[in-house]
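Input: a single structure, listed below in structure tokens.
The values are calculated or read from the model by the stated rules, or taken from the named source; none is laboratory data. Small disclaimer: the values here were computed from a predicted structure and weren't measured. Cβ placement follows ideal geometry from the backbone for every residue including glycine, while neighbour counts extend to all protein chains displayed. In case anyone asks, the SASA skips ligands and DNA or RNA and just uses the protein heavy atoms, side chains included. Shrake-Rupley method; radii C 1.70, N 1.55, O 1.52, S 1.80 Å.
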Amino acid sequence: MIAIVLVDVVRWLVVGALAYAAVVAATHWAVRSHKLTPFGAWPRTVRRLSDPVLQPIERRLVRAGGMPQSAAYWLLALVVIGGLLLVSLVKWAIGFVYSLGALAGAGPEVWLVTLLSWTFTILRFALLIRVIASWFGISLYSRWMRPVVALTEWILEPLRRVLPPFGPLDLSPLVAYFILWLAERVIIGAFI
């Protein structure tokens with residue numbers, strides 16, 4: 001019961017943040033496309049309420065060589081992606097707590113199957129992070145990418161030697177994901 005209420009509260013917070021970001025983005029669009037005057041009461045109010053949130057985004061955009069005028073759209077994208085991630089994280093955390101509660105009375109075979117399943121899930125998640133990081137040009141040698149590389153390089157390196165890249169496409173993460181999924185099914189199927 002508490003879990004359902006917690007998920008609902010997080011969802012409503014995300015919906016509220018999304019509404020805020022949508023109003024900010026729509027107002028900025030209307031001002032930039034000359035539908036609203038920038039000196040009207042509504043745009044000034046929205047700007048006053050959104051400046052504390054938009055200014056850090058604008059600074060990061062300028063440092064990255066982007067246009068600070070697009071900060072409102074970046075805010076909207078960050079709220080959508082961050083909201084989805086937050087709701088997923090809360091659901092995962094609640095499921096994890098329930099899983100631990102269910103494992104409290106389970107035997108060693110159930111513990112082993114669960115630990116193997118969690119291990120394969122972490123490996124597949126690390127592959128996903130590595131693929132998404134490559135889309136954004138994040139260095140594999142950055143501090144927070146080193147654990148991801150350590151978790152995935154053991155399977156990607158042999159695949160890259162066997163599977164050549166197809167132009168700009170590297171299919172080795174997709175093949176590695178499938179191999180991990182298949183290995184999980186075979187190994188856990190042996191215990192069940």
Task: Extreme residue, nearest to Asp51 (Cα to Cα), among residues of segment 80-93 that are of a type in the set (Val, Ile, Thr) and open to solvent by less than 30 Å² (accessible area, probe 1.4 Å) - done: Val87
TODO: Please find, among Val15, Val87, the residue that is over 30 Å from Thr114 (Cα atoms) and within 23 Å of the chain's Cα centre (by Cα).
DONE: Val15
- [ ] Name the helices (runs of 4 or more DSSP H) wholly inside segment 1-108 in which the number of residues that are within 24 Å of Leu128 (Cα to Cα) is 2 or more.
- [x] 71-103
- [ ] Give the residue that is surrounded by the most Cβ atoms within 10 Å (Cβ to Cβ), with candidates limited to residues of segment 40-55 that are in contact with a helix residue (DSSP H, G or I) (Cβ under 6 Å, 6 or more places away or on another chain) and either over 24 Å from Ile81 (Cα atoms) or of a type in the set (A, V, I, L, M, F, W, C) (or both).
- [x] Val46
- [ ] State all residues of segment 64-76 that are open to solvent by less than 40 Å² (accessible area, probe 1.4 Å) and hydrophobic (A, V, I, L, M, F, W, C); if no residue qualifies, say none.
- [x] Ala71, Ala72, Leu75
- [ ] Report yes if Val186 is assigned to a helix (DSSP H, G or I), modelled with pLDDT of 90 or more, of a type in the set (Val, Ile, Thr) and farther than 24 Å from Ile81 by Cα, otherwise no.
- [x] yes
TODO: Might you check whether a residue that is modelled with pLDDT under 90, on the phi > 0 side of the Ramachandran plot and not in a helix (DSSP H, G or I) occurs anywhere in segment 135-146?
DONE: yes
Task: Failed criterion for Leu61 (all others in (1) surrounded by 17 or more Cβ atoms within 10 Å (Cβ to Cβ); (2) at pLDDT 90 or above hold) - done: (2)
Open item on the list: Can you find, within segment 98-120, the residue that is farthest from Phe191 (Cα to Cα) among those that are in contact (Cβ under 8 Å) with a residue 24 or more places away in the chain and open to solvent by 70 Å² or more (accessible area, probe 1.4 Å)?
Closed with: Tyr98
Task: Residues located in segment 10-39, provided they are surrounded by fewer than 13 Cβ atoms within 10 Å (Cβ to Cβ), over 25 Å from Val87 (Cα atoms) and not charged (D, E, K, R) - done: Ser33, His34, Thr37, Phe39
Task: Among (1) open to solvent by 80 Å² or more (accessible area, probe 1.4 Å); (2) within 22 Å of the chain's Cα centre (by Cα); (3) more than 13 Å from Leu123 (Cα to Cα), the one test that Asp170 misses - done: (1)
Open item on the list: Give all pairs with beta carbons closer than 6 Å in which a residue from segment 125-140 that is free of Cβ contacts under 8 Å to residues at least 12 places away in the same chain meets a residue that is surrounded by 14 or more Cβ atoms within 10 Å (Cβ to Cβ); count only pairs at least 6 apart in sequence or on separate chains.
Closed with: Leu140/Val149
Open item on the list: Cβ-Cβ under 8 Å, sequence separation 6+ or interchain: first residue in segment 1-17 and touching a residue at least 24 places away in the same chain (Cβ under 8 Å) and of a type in the set (S, T, N, Q), partner exposed (fewer than 14 other Cβ atoms within 10 Å of the Cβ) and in a helix (DSSP H, G or I). Which pairs?
Closed with: none
- [ ] Please go through segment 147-172 and pick out each residue that is under 22 Å from Arg185 (Cα atoms) and part of a helix (DSSP H, G or I).
- [x] Leu151, Thr152, Glu153, Trp154, Ile155, Leu156, Pro158, Leu159, Ser172
